[in-house]
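The values are calculated or read from the model by the stated rules, or taken from the named source; none is laboratory data. Just so it is clear, the structure is predicted and the values come from calculations on it, not from any experiment. Every residue, glycine among them, receives a Cβ derived from its backbone with ideal geometry; neighbour counts consider all protein chains shown.
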Amino acid sequence: MTAILLFFFAHWLLSIFAQTFFLHRYGAHRMFTMSRGWDRFFYVFSFVAQGPSFLNPRGYAILHREHHAFADTERDPHSPLFFSNVGSMMWRTKAQYDAYAYRRAEPEPRFLGDTPEWPLLDRLSQKWITRLALGTLYVIFYLHFAPSAAWFLLLPVHWLMGPIHGAIVNWCGHQYGYRNFDTRDVSRNTLPFDFLTMGELFQNNHHKFGSSPNFAQRWFELDPCYQVMRVLDWVGVIELGRPETDALAEHA
């Protein structure tokens, strides 16, 4: 049981870190820079951490930029205001994400921007055989370490980890919690210490200051991913693009 719990929580934390650090703050917003070598390292890291639910950085970035531009309007790809449940919201999100990730549709030019791309890994990660192989590795681990069949109920969470994180952030972050700022959307901060999604649930702060690498804004708030970013900046792995105090412009 200990091995299963450690594996589950490690997968959860590594997957959400990949999403918020690489896909969101780097891929969609370019809040920091890093060398090509480190770019490739975190590309592979995100692929391994998210496993069969790896989110294509290009598709993620375009969708997220549209989310900021059209937040909580009918053109928002994932606003809970227009869906009766989280499942229907994520189904619509998947359709738009697939269109961009698989290049079935092109977005408005303003949403393209500079996004991480690695055509070889992108093609490999989007193949069903790859997803099945990675998902099977989780099954093998559970076969070896799960003390009973009940633990296998966690496997779907492993297989769908990326979309599950997205669902939590986009549903809860626009439904539950408190607001520090009066924004044009209904975004909220769900947790003052976001241990669940490493800072992603500071949605109100992020929608107010879209380019700030620190999603926490008040003295009692803590953004865990930003603390990791400060260390990575200090050791030279990344270079934060601007001081905290120079990022106070609402994303348009």
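Observations on the structure shown:
- The number of residues in the stretch 113-132 being surrounded by fewer than 16 Cβ atoms within 10 Å (Cβ to Cβ), under 13 Å from Arg58 (Cα atoms) and not acidic (Asp, Glu) comes to 4.
- Verdict on Glu66 being among the acidic types (Asp, Glu) and surrounded by 12 or more Cβ atoms within 10 Å (Cβ to Cβ): yes
- Of all residues in the stretch 183-198, none are in contact (Cβ under 8 Å) with a residue 24 or more places away in the chain, closer than 19 Å to Phe70 by Cα, charged (D, E, K, R) and not in a loop (DSSP other than H, G, I, E, B).
- Looking across the stretch 201-213, just one residue is assigned to a loop (DSSP other than H, G, I, E, B) and touching a Gly at 6+ places or on another chain (Cβ under 7 Å), and that is Leu201.
- Among residues of the stretch 33-49 that are under 21 Å from Thr136 (Cβ atoms), those with a Cβ under 7 angstrom from a residue that is in a helix (DSSP H, G or I) and of a type outside the set (Gly, Ala, Ser), sequence gap 6+ or separate chain, pair up as Ser46/Phe22; Ser46/Leu23; Phe47/Leu121; Ala49/Leu14.
- Hits in the stretch 214-231 - residues which are part of a loop (DSSP other than H, G, I, E, B), of a type outside the set (D, E, K, R) and closer than 21 Å to Ile168 by Cβ: Asn214, Phe215, Ala216, Gln217
- Filter result (within 20 Å of the chain's Cα centre (by Cα) and at pLDDT below 95) within the stretch 126-161: Gln126
- Qualifying residue in the stretch 8-21 (condition: part of a loop (DSSP other than H, G, I, E, B), more than 14 Å from the chain's Cα centre (by Cα) and not β-branched (Val, Ile, Thr)): no
- Selection of the stretch 159-173 for residues being among the β-branched types (Val, Ile, Thr) and within 10 Å of Glu200 (Cα to Cα) yields Ile168, Val169.
- Taking the conditions (1) within 22 Å of Val157 (Cα to Cα); (2) at pLDDT below 95; (3) loosely packed, with under 13 Cβ neighbours inside 10 Å in turn, Arg110 satisfies each one other than (1).
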